[in-house]
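See below for the structure under consideration.
The values are calculated or read from the model by the stated rules, or taken from the named source; none is laboratory data. Because the structure is predicted, anything quoted here is derived from the model rather than measured. Here the Cβ positions follow ideal geometry from the backbone for every residue, glycine too, while neighbour counts run over all protein chains shown. When the accessible area is computed, the model is the full protein with side chains, heavy atoms only, and any ligands, DNA or RNA have been set aside. Shrake-Rupley method; radii C 1.70, N 1.55, O 1.52, S 1.80 Å.
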Amino acid sequence: MKPPVFDYVSPATLEEAIQALSAPDDGDVKVLAGGQSLVPLLNLRLSQPGLIVDINGLDELTGITEEAGYLTVGALVRQREAELSDVVRTACPLLHEAIPLIGHTAIRNRGTVGGSIAHADPAAELPTVAACLDAELVARGPGGERTIPAADFFTGFFTTALAEDEILTAVRVRSVGPATGAAYEEVARRHGDFAMAGVAAQVRLDGDTVAEARIAISGVDLAPVRATKAEAALAGRTVDDSILDEAADAAVADLSPSSDLHGSAAYRKHVAGVLIRKAVAAAAARAREAR
Ligand SMILES: Cc1cc2nc3c(=O)[nH]c(=O)nc-3n(C[C@H](O)[C@H](O)[C@H](O)COP(=O)(O)OP(=O)(O)OC[C@H]3O[C@@H](n4cnc5c(N)ncnc54)[C@H](O)[C@@H]3O)c2cc1C
């Protein structure tokens with residue numbers, strides 16, 4: 001299929017892009033980043049914008065920096081660039097672990113970090129990482145810049161707190177310190193497919209006990225789910241099989257996924273529990289190595 005007819009602009013600055021998004025005459029207006037989700041939606045005519053604002057020329061949205069204990073990734077950074085970045089690997093091992101699970105290399109060459117987060121697919125890896133790490137999502141609109149905590153950003157199924165005339169400009173997370181490990185585990189029918197369920201976990205140890213555990217689950221609700229009860233079950237404990245079971249049971253008890261062609265609700269809950277055990281065990285093992 002071919003996309004519907006639309007107008008197209010390629011602004012040279014962020015200000016121009018925001019002005020274009022605010023233009024009242026063009027009906028639905030869409031930002032184009034890597035196009036790996038938007039272009040299929042256009043071709044299937046599931047999205048029929050009157051205007052496309054191509055942000056690929058905006059250098060302000062590129063770059064990966066680490067400063068004052070925070071990693072900042074520009075919204076337009078290609079997923080492949082972040083995957084290969086040493087700064088990302090050391091400052092945010094969870095992001096480094098998660099990115100290779102997105103589609104295939106060709107897709108990650110074009111797909112952007114910000115595009116995946118703005119798209120807010122409940123099965124996607126990067127929104128789950130953002131929820132797990134309490135990422136700060138930096139947005140710019142006609143009223144200026146604002147920072148949205150991940151907990152407030154993902155508001156529903158493919159829905160975010162971004163206003164129609166706002167652009168996500170960057171993603172910011174706290175850099176990890178010592179004795180911290182991370183893992184991302186998921187189940188997909190084939191490599192590169194969207195996951196049926198996935199778990200992002202980051203564990204910081206104090207000696208042998210868990211000083212802080214962060215866990216988020218994908219594919220089990222309309223948006224990524226933070227497993228706060230499992231995090232609490234792990235805090236101050238030494239990670240062993242019985243604690244992993246306790247944490248997984250605590251997380252799964254609160255989940256009510258829906259059934260679809262890919263798996264029943266009961267199966268998704270089961271998979272989520274298994275993935276929590278695997279991801280937390282792997283993150284804790286890596287944290288022990290990083291002491
Ligand atoms: C075959 C295939 C397999 C895939 N597998 C996976 C997978 O396993 N996991 C996964 O997570 N993704 C997967 N994807 C999607 C891919 O990761 C996309 O890159 C991502 O979802 C969107 O990023 P993008 O830069 O391509 O955004 P686009 O497609 O350009 O945009 C997506 C949406 O976000 C909005 N948007 C983009 N950037 C901004 C911004 N800066 N500010 C405001 N709004 C913005 C757009 O308007 C649009 O609504 C797959 C895609 C394909 C084609």
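Farther than 12 Å from Gly114 by Cβ and of a type in the set (Val, Ile, Thr), is that true of Val88? So Val88 passes the test. Based on what the data block shows, is Leu162 within 12 Å of the ligand (Cβ to nearest atom), under 25 Å from Leu61 (Cβ atoms), open to solvent by less than 10 Å² (accessible area, probe 1.4 Å) and not assigned by TED's automatic domain parsing to the domain that holds Ala232? Here the answer is no, as Leu162 does not meet what is asked. For the range 138-166, the set of residues classified as out of contact with any His (no Cβ under 8 Å at 6 or more places or on another chain) and in a loop (DSSP other than H, G, I, E, B) consists of Pro142, Gly143, Phe157, Ala161, Leu162, Ala163, Glu164, Asp165, Glu166, listed by residue number. If only residues of the range 32-53 that are more than 9 Å from the ligand (Cβ to nearest atom) and crowded, with 16+ Cβ neighbours inside 10 Å are counted, the one that is farthest from Ser85 (Cα to Cα) is Leu51. The single residue among Ala195, Ala170, Ala216 that is within 15 Å of the ligand (Cβ to nearest atom), open to solvent by less than 20 Å² (accessible area, probe 1.4 Å) and in a loop (DSSP other than H, G, I, E, B) turns out to be Ala195. Name the single residue, out of those in the range 107-137 being open to solvent by 10 Å² or more (accessible area, probe 1.4 Å) and more than 19 Å from Glu186 (Cα to Cα), that is farthest from the ligand (Cβ to nearest atom). Per the criteria, the residue is Asp134. Of everything in the range 198-213, what is among the small types (Gly, Ala, Ser) and not in a strand (DSSP E or B)? Give them in sequence order. Gly207, the sole residue that qualifies. For Glu185, indicate whether it is within 11 Å of the ligand (Cβ to nearest atom) and either surrounded by 14 or more Cβ atoms within 10 Å (Cβ to Cβ) or under 20 Å from Ala82 (Cβ atoms) (or both). In short, no. Is there a residue being assigned to a loop (DSSP other than H, G, I, E, B), among the hydroxyl-bearing types (Ser, Thr, Tyr) and on the phi < 0 side of the Ramachandran plot anywhere in the range 225-240? No, the range 225-240 has no match at all.
Scanning the range 2-31 for residues that are assigned to a loop (DSSP other than H, G, I, E, B) and either open to solvent by less than 50 Å² (accessible area, probe 1.4 Å) or at negative phi (or both) yields Lys2, Pro3, Pro4, Val5, Phe6, Ser10, Pro11, Ala12, Thr13, Ala23, Asp28.
Against the numbered list (1) part of a loop (DSSP other than H, G, I, E, B); (2) hydrophobic (A, V, I, L, M, F, W, C); (3) more than 9 Å from the ligand (Cβ to nearest atom), Leu76 comes up short only at (3).
For the range 234-263, the tally of residues that are in contact with a strand residue (DSSP E or B) (Cβ under 9 Å, 6 or more places away or on another chain), over 15 Å from Ala279 (Cα atoms) and small (Gly, Ala, Ser) stands at 3.
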